[in-house]
1. Translational D (Stokes-Einstein, µm²/s) of the stretch 164-246 at 20 °C and 1.002 mPa s when Rh comes from the Kirkwood sum over C-alpha pairs?
2. Would you work out which of Ile195, Ala15, Ile173 lies farthest towards the positive end of the dipole of the chain? Charges go on Cβ: Lys and Arg +1, Asp and Glu -1.
3. Enumerate the amide H contacts of Asp90 below 5 Å, restricted to partners 5 or more residues apart or on another chain; note that Pro and chain-start residues carry no placed amide H.
4. Any chance you could look up the accessible area of Leu231 with a 1.4 Å probe, heavy atoms only, rounded to 10 Å²?
5. Given the protein chains as shown and a 1.4 Å probe, how many square angstrom of Trp28 are accessible, to the nearest 10?
6. Of the options Phe133, Thr34, Leu254, report the single residue whose Cα projects farthest towards the positive end of the charge dipole of the chain (beta-carbon charges: Lys, Arg +1; Asp, Glu -1).
7. Assuming 0.36 nm per residue, please report the length gained on full extension of the stretch Ala84 to Thr99 beyond their Cα-Cα distance.
8. Can you send over the carbon and sulfur percentage of the accessible area for the stretch 161-258, probe radius 1.4 Å, protein chains only?
Amino acid sequence: MKGAVDAFRPQVPLALALRKEGMEERHWDQLSATVGFDVRPTEGFTLTTLVEKGLLAHAETAESVGERAFKEHHIEVSLKKMQAQWIGEDFVLPQFKSTTTCYISGFEDAVQMLDEHIVTTQAMQFSPFKKPFEDEIEAWATQLMLVSDTLEEWVKCQGQWMYLQPIFDSPDIMKQLPQETKRFKSVDSTWRQQINVAKGCPAILQVCGKEGLKEKFQEANKNLEIVQKGLADYLEKKRSVFARFYFLSNDELLEILS
């Protein structure tokens, strides 16, 4: 029995190498081309057949190919797992105060997952085993970065819009700041349009991955910053006329002025 075990022992690394997860046609082709004879699963494919063909002499080659197949398989599985995790990750869209529009919510977990996936994908980009999935990895990395940048601009825009919307809903403020009102209404129109799109497709990955959306929000943020500056200058002017206004916050002062 010991003699039989000792005789079989050298075949074990070969058997393990050929049973590695991820052995695809390309790996069998590579192994066959390297050893000089056909090695691939066919009818009646057994370890004994391969040993008789002389594959045992190429055990190191088989182990190298098997290890590569396993590493490539790990990348493929990780990529599919990340993509699957985004299924069901949707925006929640509650109504904003007494307006007829909504705002985005419920994306905190998505932001955390986005950061994790970007790090994982960047590690894949540096992997020496990425070649079979290189195009897919690059496309996924580009999509994640676009989603991340778009969401960041969107959240920034939302913060400013939510603050300014009640202010520029006041007829008195609209009358006092016509240029800023016009600029804000333009952003407000873009906001409502995009919220309607999000209602139709609340999937975070899809809606934030649309080309041109990031640029729309970047432009909106620039306009809102100009509006904020105009509003601040207006409040400063009122304070300079009536010094007691310096003891009030912007919100309190706006409430009085409107």
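1. 147 µm²/s
2. Ile173
3. Amide H to amide H, under 5 Å and 5 or more residues apart or across chains, Asp90 pairs with Ile204.
4. For Leu231, the solvent-accessible surface is approximately 10 Å².
5. About 20 Å², rounded to the nearest 10.
6. Result: Leu254, furthest along the dipole toward the positive end.
7. 1.9 nm
8. 52 percent
The values are calculated or read from the model by the stated rules, or taken from the named source; none is laboratory data. Everything quoted here is computed from the prediction, not taken from an experiment. Reconstructed Cβ throughout: ideal geometry from the backbone, glycine too, with neighbour counts over all protein chains shown. With ligands, DNA and RNA removed, areas are computed over all heavy atoms of the protein, side chains included. Shrake-Rupley method; radii C 1.70, N 1.55, O 1.52, S 1.80 Å.
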